[in-house]
Amino acid sequence: MLRPNTLAFTAFLGLLTAFGPMCNDMYVPSLPDIARVLGASTSEVQLTISSYLLGYAIGQIVYGPLSDRWGRKPVLLAALVLFCVASLACAVAPNIESLIAARALQALGGSGALLLPRAIVRDLHAGEEAGRELSRVSAVMSFVPVIAPLIGGIMQSSFGWRANFFVFVSVGLVSTAIAWRFMPETLALRPAQPMSIADILRAYRKLGRHRAFLAHLGIASCSYAGMFAWISGSPFVLQGLYGISAFAFSIAFATACIGSIVGAATAASLVTRLGLDRTIGVGTSLLAAGGLVMVASVPLGVAPVALLVLGMAIYHVGHMLAMPQAVAGAITPFPDGAGIASSVVGVAQQALAALVGATVGYTLGQTAWPMAAALAVMGCLAFALWAFTRYVRTAATAAILARTASA
């Protein structure tokens with residue numbers, strides 16, 4: 001049995017949360033080849049990313065309430081089984097329309113692997129402790145964006161784009177077996193009565209009126225959306241505009257993701273010293289700085305690939321500092337509704353990321369401006385939200401922790 005507060009438990013939660021970046025970061029080196037093999041346009045191929053993000057958002061609407069009612073483990077197992085089946089459908093898709101639809105189903109399954117670890121952490125921790133645990137989970141997950149594009153580039157060069165999806169099937173099957181055999185149930189109390197639609201709507205209205213939740217939600221969503229501006233735009237900018245190979249792109253993509261490892265390795269100790277709010281402030285400052293470096297690199301025209309990668313690496317550091325703490329701040333006020341709160345966080349993140357990614361895809365032409373501008377806007381907006389909502393967020397978090405201590 002995987003026991004909470006152990007390295008093995010945290011590592012498995014990190015593996016589950018890695019499904020999202022794995023399914024995109026391994027996949028992006030193949031985007032130009034998918035367009036060629038399936039006879040699809042750039043915008044059509046971009047829809048395989050947008051449909052995945054929208055499927056992720058829809059899935060999290062469902063999994064949160066279900067896990068609050070039926071428990072984390074059975075809902076997680078159902079999500080993993082769906083992920084495996086849909087990944088196999090992606091691998092054998094005969095055309096771009098089938099791939100777009102299968103990617104949405106893959107996301108419906110994979111979204112449970114992202115949402116439920118957050119709810120599990122909230123079952124066990126609150127406040128800064130939740131932030132530390134989510135940072136540790138992110139530290140495990142942070143290696144995936146570095147390794148995944150390298151694996152994806154090798155698989156693409158050696159076997160073609162379909163091979164990546166067979167890898168996803170294998171990882172999904174292993175994770176399902178581990179969860180079924182060793183994962184404990186962490187939801188201590190379940191509702192005595194079945195949860196109705198009216199109950200769910202009341203819970204959503206409660207979240208919508210909670211100003212501190214909305215502020216943390218905005219920060220986490222903007223940070224995440226900037227990541228997908230890079231994911232959706234970088235294959236076409238670096239390979240199409242700057243002419244690097246699929247394997248060279250995977251190296252550049254992985255190099256930028258080293259920032260994730262740096263940020264994740266720093267976050268757990270930084271939140272202990274600075275607390276949730278100031279750690280978020282440091283992270284959002286780096287988000288803005290990374291986006292502005294990327295914008296500055298476009299007109300300079302000097303080593304554009306290197307400067308774009310540098311800007312994204314800085315953004316990655318900020319993302320790993322800001323987002324786990326913002327998520328912890330968002331779900332901490334809701335110990336009895338962590339699944340629903342985590343659902344709303346996930347839905348908002350995926351919906352904004354899908355919108356930004358699709359916009360970048362449709363506006364990319366003969367310049368990197370759309371991708372760079374999207375990153376700068378998302379980074380600066382995250383910083384502005386942190387700066388202008390500090391009092392609301394810190395006051396709400398302090399009140400919740402005081403009630404928890406007195407209980």
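The values are calculated or read from the model by the stated rules, or taken from the named source; none is laboratory data. Since this is a predicted model, take the numbers as computed values, not measurements. When we count neighbours, we look across all protein chains shown, and the Cβ atoms used for this are built from the backbone with ideal geometry, even at glycine.
A few points about this structure:
- Selection from the stretch 214-229 of residues that are touching a residue at least 12 places away in the same chain (Cβ under 8 Å) and surrounded by fewer than 20 Cβ atoms within 10 Å (Cβ to Cβ): none
- Filter result (farther than 13 Å from L270 by Cα and either modelled with pLDDT under 70 or among the hydroxyl-bearing types (S, T, Y) (or both)) within the stretch 126-138: A126, G127, A130, S138
- Verdict on A374 being among the small types (G, A, S), in contact (Cβ under 8 Å) with a residue 24 or more places away in the chain and surrounded by fewer than 23 Cβ atoms within 10 Å (Cβ to Cβ): no
- Evaluation of G243 against (1) in a helix (DSSP H, G or I); (2) surrounded by fewer than 17 Cβ atoms within 10 Å (Cβ to Cβ); (3) at pLDDT 80 or above (one fails), failing number: (1)
- All positions within the stretch 282-297 that are of a type in the set (V, I, T), in contact (Cβ under 8 Å) with a residue 24 or more places away in the chain and under 17 Å from L307 (Cβ atoms): V295
- If you go through the stretch 165-207 and keep only what is surrounded by 11 or more Cβ atoms within 10 Å (Cβ to Cβ), at pLDDT below 85 and within 25 Å of the chain's Cα centre (by Cα), you end up with M183, P184, E185, T186, L187, I200, A203, Y204, K206, L207.
- Scan of the stretch 74-98 for residues that are in a helix (DSSP H, G or I) and more than 21 Å from the chain's Cα centre (by Cα), ordered by number: P74, V85, L88, A89, A91, I96, E97, S98
- Residue check, V305 in a helix (DSSP H, G or I), out of contact with any His (no Cβ under 8 Å at 6 or more places or on another chain) and modelled with pLDDT of 85 or more: no
- The set of residues from the stretch 1-50 being surrounded by fewer than 21 Cβ atoms within 10 Å (Cβ to Cβ) and assigned to a loop (DSSP other than H, G, I, E, B) comprises M1, L2, R3, P4, N5, T6, L38, G39, A40, S41.
- Listed by first and then second residue, the pairs linking a residue in the stretch 262-281 that is more than 16 Å from H216 (Cβ to Cβ) to a residue that is not in a helix (DSSP H, G or I), with Cβ atoms under 7 Å apart and 6 or more places separating them unless they lie on different chains, are A264/S142.
- The single residue among S232, S269 that is modelled with pLDDT under 90 and surrounded by fewer than 23 Cβ atoms within 10 Å (Cβ to Cβ) turns out to be S269.
- Boolean, T367 is of a type outside the set (G, A, S), free of Cβ contacts under 8 Å to residues at least 12 places away in the same chain and surrounded by fewer than 24 Cβ atoms within 10 Å (Cβ to Cβ): no
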